[in-house]
Amino acid sequence: MSAVVRIRDVAARDGLQGERPVEPERRAELVAALLAAGVRDVEVASFVSPKAVPAMAGAADVAALVAENLPDDATTWALVPNVKGAHLATAAGLGHLTITISASPAYSEKNVHMTVAEAQGQVEAIRQAAPDAVLDEVVSCCFGSPFAGERVGPDDVLAIVDHARRVGIDRITLADTTGMATPRRIGEVLDATGRDVGLHLHDTRGTALVNAWAAIGLGVSRFDTALGGLGGSPFAPAAGGNLATEDLVLLLDDAGIATGIDLDQLLAAGPLLAELVGHGLPSRVAAAGGLTPRAV
């Protein structure tokens, strides 16, 4: 079990993409609050068509505003769907990019309107278009398909991971897009892919935190989370929000596993996010608060 866990907060992208549009200045304010709490990896925007995802309009503006006061040890990430998005992101000064592909053929067709093989071709094209960028391939639906009659197993995930490594992708993140993972499924997929991966967990069935804890016990030390537990794919049936950053930080703090994140400051950022989206946050810790000191 690692003594240190690295958390990438995706609230400004995954968390907001399905919400009402928020102006770039306020999205940058959210990122600043996360950085102030000690989060050192933040996905700040998505360089997609604003017609397809109106909430992500103004991605370059967000990146520029965040860059004005970015700590030296912090890294900003942007999601790019294709070569055009990669060019826009790098032109905006972002050198760390996330790209998505799916282990579920049906989800691939609905999400990016491509077969898995076509999506792999897009991955290769992005690698060639952004040779100096750090690329993290996020593999959707690694722990089960949300579509009836379709099975996704560890071998399917391994085939995609092997392709990513073969074409020079720098990092791999396995995503539980619709919250179908369990500790058993986590273990089976990690046995196939190895432990040098990150996890992007959703809490559709209330299992995200236990899945994270199981993965940490198996040696995983990178996780995507979202402040407040917001997020979820609009292209997958009944997709729930992300594992809440504050829920994971509380658990790790109590276990003595370092994240570099101050839970009190993180919780103080919650009301800002709730204001931006106009509703409450699903995070349990956001609602209940932190723990009192434990008696010795």
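Applying the criterion of being over 11 Å from LEU16 (Cβ atoms) and under 17 Å from the mean Cα position of the chain (by Cα) to the residues of the range 39-58, the residue that is surrounded by the most Cβ atoms within 10 Å (Cβ to Cβ) is VAL39.
When the range 199-216 is filtered for residues that are surrounded by 22 or more Cβ atoms within 10 Å (Cβ to Cβ) and either of a type in the set (Gly, Ala, Ser) or assigned to a helix (DSSP H, G or I) (or both), the ones remaining, listed by number, are ALA208, ASN211, ALA212, ALA215. Of the residues in the range 26-35, none is assigned to a loop (DSSP other than H, G, I, E, B) and of a type outside the set (Val, Ile, Thr).
Taken over the range 71-92, the criterion of being surrounded by fewer than 17 Cβ atoms within 10 Å (Cβ to Cβ) and over 21 Å from VAL249 (Cβ atoms) is satisfied by ASP72, VAL83, LYS84, HIS87, ALA91. Evaluated against (1) buried (at least 17 other Cβ atoms within 10 Å of the Cβ); (2) small (Gly, Ala, Ser); (3) out of contact with any Cys (no Cβ under 9 Å at 6 or more places or on another chain), GLY194 falls short on exactly one condition, (1).
One residue alone among ASP162, ASP136 is out of contact with any helix residue (DSSP H, G or I) (no Cβ under 7 Å at 6 or more places or on another chain), surrounded by 22 or more Cβ atoms within 10 Å (Cβ to Cβ), within 30 Å of LEU209 (Cα to Cα) and charged (D, E, K, R), and that residue is ASP136. Being within 15 Å of the chain's Cα centre (by Cα) and either in a strand (DSSP E or B) or among the aliphatic types (A, V, I, L, M) (or both) is a property that holds for ALA175.
Taken together, the values in this text are just the output of simple stated rules run on the coordinates, not laboratory data. Bear in mind that the values here come from a model prediction, so they are computed numbers and not experimental data. Neighbour counts are summed over all protein chains in view; Cβ atoms, including those assigned to glycine, are modelled from backbone coordinates with ideal geometry.
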